[in-house]
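Please treat every number below as a calculation from the coordinates, not as lab data. Quick caveat, the model's predicted, so the values are computed rather than measured. Note that each Cβ is placed from the backbone with ideal geometry, even for glycine, and that neighbours are counted across all protein chains shown.
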Amino acid sequence: MMWRTAFTQQYALDVPFISAGMGFFSLLPAVVEAVAPVPVIAAGGIADGRGVAAALALGADAVSVGTRLVASQEAYAHDDYKRRIVAASAEDIARTALFGPEWPDQPMRVIRNRVVREWAGRDHKTPPSSDPPHIIGRTVVLGQAYAMPKFSAILPTPDTTGDFEEMCLAAGEGTGLVKAIKPVAQIVPEMMDEAKRIIEERLVPIIGD
Ligand SMILES: Cc1cc2nc3c(=O)[nH]c(=O)nc-3n(C[C@H](O)[C@H](O)[C@H](O)COP(=O)(O)O)c2cc1C
């Protein structure tokens, strides 16, 4: 049972990476079958009630939401980063291993800014750091001041200053569905209400009288 629990947890954390190889519609039911009866939390690209309803229909017991909640009033993310999530469409999201002197060569999804565009096609690994490092911004990590080297994987918080066109702006494939920065107390009920509406109006009628 232990390994199964670990597997579902891993799945929840790694979907943005795994899903580059296998789509949500085939991956989620396969995981649900593989780990049954362990509950599965679906994650990756779920940004509104449609995603919640789809995940439940495919066998998930719950959903985990990342990007949508970065663009919330409460998230400790820089306002510029939140605004870029709202402004970006799905086509603005790139999968890259460019970022990470701190955590090298990890593929992740990010908003395509200048540094991502400049390194497109050469971004399967984190490029070597220059000596002395080229500093693109300043922030605070675990209470300590931190000078962000070029390709830093540290995400911008309200403590961050510098060039946002050089920074890692992690964001998933559901980014295009995020239309406004809102309080979490509004985002979550709206998602669940929309999911319930879809189930009532689109799924229940299939059963007929
Ligand atoms: C701000 C942010 C930080 C993230 N950090 C990590 C991370 O450290 N490790 C990881 O495996 N995934 C990370 N992810 C990807 C999340 O696991 C992913 O967002 C989650 O599965 C939900 O997907 P969604 O953002 O499409 O809702 C991060 C995503 C965001 C938006």
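Tell me, in nm to one decimal, what length is gained between Val141 and Ala120 on full extension, where the rule is 0.36 nm per residue of separation less the Cα-Cα distance?
4.8 nm
Taking just the C-alpha trace of segment 89-170, give me its Rg and Dmax in Å.
12.1, 36
Provide the per-residue ³J(HN,Hα) series for segment 108-115, in order, calculated from phi with Karplus coefficients 6.51, -1.76, 1.60 and θ = phi - 60°, each as a whole number of Hz, with x at glycine and proline positions.
Once rounded to whole Hz, the list reads 8, 9, 9, 6, 6, 10, 4, 5.
Please arrange Phe151, Phe99, Phe25 by how many other C-beta atoms lie within 10 Å of their C-beta, fewest to most. Intermediate results must be reported in sequence, preceding the final value.
Numbers: Phe151 24, Phe99 29, Phe25 10.
Placing the least packed residue first, the sequence is Phe25, Phe151, Phe99.
Identify, among Gln144, Trp103, Pro156, the residue whose Cα sits farthest towards the positive end of the charge dipole of segment 89-170, taking +1 on the Cβ of Lys and Arg and -1 on the Cβ of Asp and Glu, with the dipole about the Cα centre.
Trp103
Mind checking which of Gly59, Trp119, Phe24 is farthest towards the positive end of the chain's charge dipole, using Cβ charges of +1 (Lys, Arg) and -1 (Asp, Glu) about the Cα centre?
Trp119
When the Cα centres of segment 69-126 and segment 29-60 are compared, how far apart do they sit, in Å?
25
Please state the charge dipole magnitude for the chain, taken about the Cα centre, from unit charges on C-beta atoms (+1 on K and R, -1 on D and E), reported in debye and rounded to the nearest 20.
Roughly 220 debye, rounded to the nearest 20.
Looking at the chain as a GNM with Cα springs under 10 Å, which of Gly45, Gly121, Gly66 has the largest mean-square fluctuation?
Residue with maximal mean-square fluctuation among Gly45, Gly121, Gly66: Gly121.
Can you spot the aspartates and glutamates whose alpha carbon is less than 12 Å from Lys82's alpha carbon? Ignore those fewer than 8 places along the same chain.
Glu74
May I ask you to evaluate 6.51 cos²θ - 1.76 cosθ + 1.60, the Karplus curve with θ = phi - 60°, for each residue of segment 174-190 and list the ³J(HN,Hα) values in order in whole Hz, giving x for glycine and proline?
In residue order, the calculated couplings are x, 3, x, 8, 8, 10, 7, 7, 9, x, 4, 5, 9, 4, 5, x, 4 Hz.
For Val141, which sequence-distant residues (separation of 5 or more, or a different chain) have an amide H within less than 5 Å of its own amide H, given hydrogens modelled in the peptide plane?
Tyr146
Please report, to two decimal places, log10 I(q)/I(0) for the chain at q = 0.10 Å⁻¹ as given by the Debye formula with identical point scatterers on the Cα atoms and no solvent.
-0.49
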